[in-house]
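Nothing in this text is a laboratory measurement; each read-out follows from the coordinates by a stated rule. Computed from a prediction, not measured in an experiment: that's the story for all the values here. Every residue, glycine among them, receives a Cβ derived from its backbone with ideal geometry; neighbour counts consider all protein chains shown.
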Amino acid sequence: MQRPILGLVAAAFLLLVSHAASATAVYSWQPLTPGVDPVGNDFLFVEGKMVATAPLQYEVSLPSLIPGVDYHSPFSLLTLSVQGGYGFYLGPNLTGNLGAVYLSMDMTPIGSGVGSLLKGSLQANNAEMDFYMTSSDGVWSIGAAHSDFPTCFSSPWCSGGTGQWVLTEVPEPRSLGIVFLALGALGMMLLARRRASST
């Protein structure tokens with residue numbers, strides 16, 4: 001009887017490992033100061049969201065997406081909305097672009113837990129909009145932003161402005177607790193059977 005129980009313990013452990021490997025973290029863009037557009041008006045990324053599913057070190061350059069190919073994107077969502085109603089969007093496996101896509105990111109956390117920040121660099125182009133931003137201390141500066149939409153279409157491009165990528169959601173601990181509870185219960189069952197077999 002011990003072998004089936006040990007198998008269940010192993011299965012629960014594998015479930016725990018797979019859950020940890022696939023855990024997601026959600027970062028929200030919080031604007032701080034505006035930049036300027038080509039005619040001197042304010043330019044601002046007013047909101048954004050990034051759902052990270054893996055470490056955010058990644059680079060890809062594609063003339064177009066090939067259906068069925070897994071591009072191993074480290075996020076399932078990356079959006080930034082510009083003041084005025086347009087913006088940047090990439091979904092799971094880089095979907096959502098209209099043609100060529102380029103992405104280079106090297107983003108690492110500062111601290112841990114809700115409220116912690118990202119630093120590093122991010123450059124992206126989804127054939128409708130391209131931009132790059134950098135940060136060494138959690139405050140990101142927009143180097144340039146160019147789009148097929150009005151405002152940032154003509155040279156010089158929109159530039160300046162600051163913001164932060166803030167961790168707003170972490171993996172739900174409740175499901176991990178259920179796995180640990182299952183492991184504990186199975187361990188107690190195994191111990192009880194050992195005691196019963198020794199008497």
In nanometres, what is the gap between the two model label sites at Ala54 and Gln30, each 7 Å from Cα along Cα-to-Cβ? 2.9
Theoretical gain in end-to-end length, Thr134 to Ser121 [0.36 nm per residue, Cα-Cα removed]: 4.2 nm
Shape category assigned to segment 25-170 from the gyration tensor of Cα positions, a/c cut at 1.5: oblate
Please list the non-local residues whose amide H lies under 5 Å from the amide H of Phe43, H modeled 1.01 Å from N, same-chain partners needing a gap of 5 or more. Gly35, Val36, Asp37
How many nm is it between the label spots at Asp42 and Asp148, if each spot is 7 Å from the Cα in line with the beta carbon? 2.9
Taking amide H atoms as placed 1.01 Å from N in the peptide plane, list the residues 5 or more away in sequence, or in a different chain, whose amide H sits under 5 Å from that of Glu128. Leu98
Extension gain, Glu169 back to Ser104 (0.36 nm per residue minus Cα-Cα distance, nm): 21.0 nm
